[in-house]
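Here is the structure we will look at.
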């Protein structure tokens, strides 16, 4: 049972409502949460904080819609996965955040935090502590004494202000970026959780004091590879974990008791006899299923690498935990549906993608359960072979071979009285990761670099034709050379002759088929890791292939055509960028596939919209000119003297291949291209943004994909124009008018002052503080305002409004008073006077009625209380 004091009964939707309404009332624009997938930020695998999507604003790369913003941002912390199962660590969590971008600074941020926590959420003032940055002499950063003074000014006692070190300097969301000192607010959970803080003593931020709010990261520095620099514009970033806020307000022992997670915990407990609500396996499953739903709903599909590795890992850990608990028929599909039900109205992407999330999870579950069954059988053999003692190297070998989560391997050995070398496994896993980072992707699946020294160079004929005859000179399965590949195998095939282009120069490898009689090898990628030996990654069906077999080679013509159109457009884009932005622009990377093109280039600031439009127009002009592609082989020096552009850090032979399109572009390139620029069709830039300091990225579409993109935008414009009853060309004018009208309406709307209402407080028959008032407001404002007033007076608030031809009533009761007064019991007799209906919880009820003539009687009945 929890020893934490209970401040109020409150659920997630109420917390979100109080938070967003408070900041909107203080001129912050509420914006949607960003996808978990970062935009143009290679330093992040996932969005891991509320400020991560805001970096572009803090750095001045883009202009925010307003300088004051707020939202609820979903986040993933992959480094917390192993910590899941304690009081408050979660893989997926939601951050309540507010921002000042070049607007207010420390004083206002601290005042807003204090008002929201004490008045909005109802924390007792003496239960709150603030930490501030003590400074760092080595870095030349002074202590944040300004924040100390501002906390004192709002009413926080000096002995509740704690000066700390690096914990109160918030580093960037990623390796580099905006950062600065921060001030955090902690909630005192009481003597049952440890010693009270005494100035100069230890501040127990693990057990007794729980962080509930980062009241301000004061963004004043930019961390660069070369060190710290001052930002031109100072900003404020705040954040509060929704789950932890719910835990503290409700007096729960863990975040798993909140309405966001308890239904998932109960789902597990009700179906697995060996697990209870405090079992670590129960909490892991609840966290992981909720996390997977959030990740997959944002379009991140499980895979073996990159961001997709995380949902796959979480799914497998959850399934393994349930199997380890002795249940093999667990209703994961039902739990996924429940997690989607509990996602919160502020996460509409979950409801929009319910079918996709369920389908992907079911497939991953089916795939892993077959692996799990076979792997657990193998564990029994390993236990006997190793006499119950598994060292780190053996553990990693088993983990990498059979795909079982390390938790499953460890629990199997330990539960049977054996031993498992966890630190040894961590060492082996870290060594594997380091090797993977250092090894070039050669198609071996990340196991080891292929030894291709004994294979002859592959003859490539794919510039002039898409079909060829080839002979198999090498086969690999799981990174090891074999003589045969069989039906169902995934392997690597080396040919003496091929028409498949191997990945290089930013262009992806071709796809297609290799056939030999009834046998088909579907080629999914081609790489050339060394000495022009082409390695075809393929899946086999219909029989076996052996070294020495002759095969028919056929490249997928449609995908090749789309890919080479994007490649040629990349050359035209490179030339246009230099023409418009200057010769200092150079290529810094690219990706060309059949779907799109991506081009990174050196440039120190955001490309202005008018320049971006000019670049797009230049590329399309070159396409319409239908320049033929002139391909020549010449000496490197000769090519450079003729004006050919060389790629950013490539090494070239003395003889080089060049491709020129009229006078629009000339580059050194070994890729495949269109015969004439007219084949590209259309070119559309879809985004431009920063990927690193001084590096920008443009993404674009060509041909049919570009046409579909434009057609979709035309449809959006026509639909929006139709709703506003104007022609599409008048849409912008109409939107501007509506925005002006909306701002005017908001400015003229009556302001509801909680402070003024509190000043009118009287008392009920038993002395309970009460506010009974008719206010000038809409029905939606009654509920949150009554909650705030009841919390402020620690009593009862009865607020009445006349709007939309009805009488509306909201009754809120402070948590400490619900033993004597129930909101619903107060509300129902009042609504009888206006022919109304309503209901709610003991602490909050709301309703209304159509009989406005009964309003005086309703007011009399309320005051009679």
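Points to keep in mind about this one:
- Residue match in the stretch 54-63 (condition: in contact (Cβ under 8 Å) with a residue 40 or more places away in the chain and under 13 Å from the mean Cα position of the chain (by Cα)): yes
- Among the residues making up the stretch 597-611, those that are touching a helix residue (DSSP H, G or I) at 6+ places or on another chain (Cβ under 9 Å) and crowded, with 17+ Cβ neighbours inside 10 Å are 597, 598, 599, 601, 603, 606, 607.
- Filtered residues of the stretch 544-567 (kept if touching a strand residue (DSSP E or B) at 6+ places or on another chain (Cβ under 7 Å) and not in a strand (DSSP E or B)): 544, 547, 548, 549, 556, 563, 565, 566, 567
- Index of the failed condition, residue 330 passing every other in (1) in contact with a strand residue (DSSP E or B) (Cβ under 9 Å, 6 or more places away or on another chain); (2) surrounded by 13 or more Cβ atoms within 10 Å (Cβ to Cβ): (1)
- Residue match in the stretch 679-700 (condition: more than 22 Å from residue 598 (Cβ to Cβ) and either more than 37 Å from the chain's Cα centre (by Cα) or part of a helix (DSSP H, G or I) (or both)): no
- When the stretch 90-119 is filtered for residues that are assigned to a helix (DSSP H, G or I) and under 23 Å from residue 51 (Cα atoms), the ones remaining, listed by number, are 106, 107, 108, 109, 110, 111, 112, 113, 114, 115, 116, 117.
- A count restricted to the stretch 774-792 and to residues that are in contact with a helix residue (DSSP H, G or I) (Cβ under 6 Å, 6 or more places away or on another chain) and farther than 19 Å from residue 840 by Cα stands at 1.
Quick grid of which residues meet (1) more than 21 Å from residue 82 (Cβ to Cβ); (2) surrounded by 15 or more Cβ atoms within 10 Å (Cβ to Cβ); (3) in the same structural domain as residue 77 (by TED's automatic domain parsing):
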{"residue": "272", "(1), (2), (3)": "yes, yes, no"}
{"residue": "296", "(1), (2), (3)": "yes, yes, no"}
{"residue": "319", "(1), (2), (3)": "no, yes, no"}
{"residue": "322", "(1), (2), (3)": "no, yes, no"}
{"residue": "358", "(1), (2), (3)": "yes, yes, no"}
{"residue": "380", "(1), (2), (3)": "yes, no, no"}
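- Residue within the stretch 168-187 that is part of a helix (DSSP H, G or I), under 31 Å from the mean Cα position of the chain (by Cα) and in the same structural domain as residue 23 (by TED's automatic domain parsing) present: yes
- Reported count of residues in the stretch 833-851, each being surrounded by fewer than 17 Cβ atoms within 10 Å (Cβ to Cβ) and either within 17 Å of residue 790 (Cα to Cα) or at pLDDT 90 or above (or both), is 2.
- Taken over the stretch 285-313, the criterion of being outside any helix (DSSP H, G or I), under 16 Å from the mean Cα position of the chain (by Cα) and farther than 19 Å from residue 345 by Cβ is satisfied by 299, 300, 301, 302.
- Identification of helices (runs of 4 or more DSSP H) wholly contained in the stretch 767-865 with 1 or more residues that are in contact (Cβ under 8 Å) with a residue 60 or more places away in the chain yields 779-793, 855-863.
- Criterion violated by residue 211 - all others in (1) buried (at least 22 other Cβ atoms within 10 Å of the Cβ); (2) within 23 Å of the chain's Cα centre (by Cα) satisfied: (1)
- Cβ pairs under 8 Å, 6+ apart, first in the stretch 357-380 and without any contact (Cβ under 8 Å) to a residue 40 or more places away in the chain, second outside any helix (DSSP H, G or I): 371/403; 371/404; 375/403; 375/404; 379/404
Condition check ((1) touching a residue at least 60 places away in the same chain (Cβ under 8 Å); (2) in contact with a strand residue (DSSP E or B) (Cβ under 8 Å, 6 or more places away or on another chain); (3) within 21 Å of residue 368 (Cα to Cα)) across all residues:
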| site | (1), (2), (3) |
| --- | --- |
| 248 | yes, yes, no |
| 253 | yes, no, no |
| 295 | yes, yes, yes |
| 300 | yes, no, yes |
| 311 | no, no, yes |
| 318 | no, no, yes |
| 321 | yes, no, yes |
| 324 | yes, no, yes |
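The values are calculated or read from the model by the stated rules, or taken from the named source; none is laboratory data. Note that the coordinates shown come from a computational prediction; the quantities given were computed from them, not determined experimentally. No Cβ is skipped: glycine too gets one built from the backbone with ideal geometry, and neighbour counts run over all protein chains shown.
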